[in-house]
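Engineer: One structure, pasted below without further comment.
Since every read-out is calculated from the coordinates, none of them should be taken as a lab result. Computed from a predicted structure; not experimentally measured. Reconstructed Cβ throughout: ideal geometry from the backbone, glycine too, with neighbour counts over all protein chains shown.
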Amino acid sequence: ENDQAAIDGYYEAN
Amino acid sequence: MLELRLVQGSLLKKVLESIKDLVNDANFDFSSSGFSLQSMDSSHVALVALLLKSEGFEHYRCDRNTSMGMNLGNMSKMLKCAGNDDIITIKGDDGSDTVTFMFESPTQDKIADFEMKLMDIDSEHLGIPEAEYHAIVKMPSAEFARICKDLASIGDTVVISVTKEGVKFSTRGDIGTANIVLRQNTTVDKPEDATVIEMNEPVSMTFALRYMNSFTKATPLSNTVTISMSPDLPVVVEYKIAEMGYVRFYLAPKMEE
């Protein structure tokens, strides 16, 4: 089983 | 005052169909150069970025930057009422809580307008910097859709690996395993049939097929799709919209525990 990463963990909020 | 006239109205219909199942509500950001949308899916696993430049419209007027919150399901319902050959005009007034979609038949003998309620959407806007990717694969969009559909019948995740030999799509499930390898193939009659692999370094990443299959709803927008991967970044699946812009899908990878 692999963990699903979150997209907002990669980019900063403007 | 906002007024955008798109002769190829089917394009807007296709754009909506490609994103409406991934994103429920989104802010459409209009400026003088065009309009854009950025939204994460409700699970914060994928992100959609849409750009349609003003040059692609027959008439484009946007007096000042404005953001309109729309429910994409409702917008899709309204755009489905436009014929595939219809000209679509989007109209809005400053301060109004509605947007109007006008549909004109090519022979001008049928004109319809649909007014849709806008909504306040408090959405987070992420800054996505330009990135150098380890590998960029350009391939026929229909082939990518076929591969995602086929693999989803075997497993839940796809491992995409790019090496000098080509790009490999692999999955594993209860009934067995599947591997599909595409080699670079530029000796084709039509450029859109080519598979082109630009690789700086080999890369192998795992993604949820459910999302990949959702992205392939954009297949009618473009004959080709571009898949950009680096190990420390979400994959970017891009469908270019001829001379107008793009729909890009960003998907966070599955990480090994």
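Engineer: Mind checking which of B:Cys81, B:Thr98, B:Met68 is farthest towards the positive end of chain B's charge dipole, using Cβ charges of +1 (Lys, Arg) and -1 (Asp, Glu) about the Cα centre?
Structural biologist: B:Cys81
Engineer: Hey, in the GNM for chain B with a 10 angstrom Cα cutoff, which one of B:Lys13, B:Lys117, B:Lys53 fluctuates hardest?
Structural biologist: B:Lys117
Engineer: Now for a different question. Tell me, what is the Rg over Rh of the protein assembly as shown, with Rh the Kirkwood radius over Cα pairs?
Structural biologist: Details: Rg = 19.6 Å, Rh = 19.7 Å.
Rounded to two decimals, Rg over Rh is 0.99.
Engineer: If I stretch the segment between B:Asp97 and B:His59 completely, what's the gain in nm (0.36 nm per residue apart, minus their alpha carbon distance), one decimal?
Structural biologist: Details: separation 38, 0.36 × 38 = 13.68 nm, distance 2.27 nm.
This chain segment gains 11.4 nm when fully extended.
Engineer: Another question, then. What does the convex hull of the alpha-carbon atoms of the range B:1-94 project to on average, in nm²?
Structural biologist: Numbers: hull surface 22.3 nm².
For the range B:1-94, averaging the hull's shadow over all directions gives 5.6 nm².
Engineer: Stretch B:Ile121-B:Asn84 to full length: gain in nm at 0.36 nm per residue minus the Cα-Cα span?
Structural biologist: Numbers: separation 37, 0.36 × 37 = 13.32 nm, distance 2.96 nm.
Full extension from B:Ile121 to B:Asn84 adds 10.4 nm.
Engineer: If I model a spin label at B:Asp189 and B:Asp21 as a point 7 Å from the Cα along the Cα→Cβ vector, what separation in nanometres do I get?
Structural biologist: Each label point lies 7 Å from its Cα, and together they span 3.2 nm.
Engineer: I want the local charge near B:Asp232. Using Cβ-Cβ distances under 13 Å, sum +1 for each Lys or Arg and -1 for each Asp or Glu among the other residues. Intermediate results must be reported in sequence, preceding the final value.
Structural biologist: Details: positive: none; negative: B:Glu132, B:Glu201.
Around B:Asp232, the surrounding residues sum to -2.
Engineer: From Cα pairs below 8 angstrom and at least 6 apart in sequence, can you work out the relative contact order of the range B:50-202, rounded to a whole percent?
Structural biologist: Once normalised by length, the contact order is 16 percent.
Engineer: Moving on to the next point. Between B:Thr163 and B:Thr107, what length comes free when the chain is fully extended (0.36 nm per residue of separation minus the Cα-Cα distance, one decimal in nm)? List each step's numbers first, then the result.
Structural biologist: Values: separation 56, 0.36 × 56 = 20.16 nm, distance 5.24 nm.
Stretched fully, the B:Thr163-B:Thr107 segment lengthens by 14.9 nm.
Engineer: If you don't mind, there's one more thing I want to ask. Taking every pair of alpha-carbon atoms in the range B:139-215, what share in percent sits in each 5 Å bin, from 0 to the bin with the longest distance?
Structural biologist: 3, 16, 25, 24, 19, 10, 3, 1
Engineer: So which residue, out of B:Gly127, B:Gly245, B:Gly69, gets the largest mean-square fluctuation from a GNM of chain B using Cα contacts under 10 Å as springs?
Structural biologist: Taking springs between Cα atoms under 10 Å, the residue moving most is B:Gly127.
Engineer: What Kirkwood Rh does chain B have if only Cα atoms enter the pairwise 1/r average? Answer in Å. Could the numbers behind the result be given before it?
Structural biologist: Working: mean 1/r = 0.0513 Å⁻¹.
19.5 Å is the Kirkwood radius here.
Engineer: Could you grab the relative contact order for chain B? Cα pairs under 8 Å, six or more apart, rounded to a whole percent. Walk me through the numbers before you get to the answer.
Structural biologist: On the way: 601 pairs, mean separation 53.1, N = 257.
Rounded, it is 21 percent for chain B.
Engineer: Along the Cα-to-Cβ line of B:Arg210, 7 Å from the Cα, sits a label point; which residues in the range B:3-30 have backbone N less than 20 Å from it?
Structural biologist: Within reach of a label on B:Arg210: B:18-25.
Engineer: Same structure again: Just B:Lys138, B:Lys217, B:Lys190 to compare: in a GNM of chain B, with alpha carbon springs under 10 Å, which one fluctuates most?
Structural biologist: Comparing B:Lys138, B:Lys217, B:Lys190 in the GNM, the peak value goes to B:Lys190.
Engineer: Compute the helix-to-body angle for B:10-19: its Cα long axis versus the longest principal axis of chain B, expressed 0 to 90° and rounded to tens.
Structural biologist: Once rounded, one gets 50 degrees.
Engineer: Give me the dipole magnitude in Debye, nearest 20, for the protein assembly as shown about the Cα centre, with unit charges on the beta carbon: positive for Lys and Arg, negative for Asp and Glu. The partial results should precede the final answer.
Structural biologist: Working: 25 positive and 42 negative charges, 168 e Å.
In total the dipole reaches around 800 debye.
Engineer: Just the projected area, averaged over all directions, of the convex hull on the alpha carbon atoms of the range B:63-198: how many nm²?
Structural biologist: 14.2 nm²
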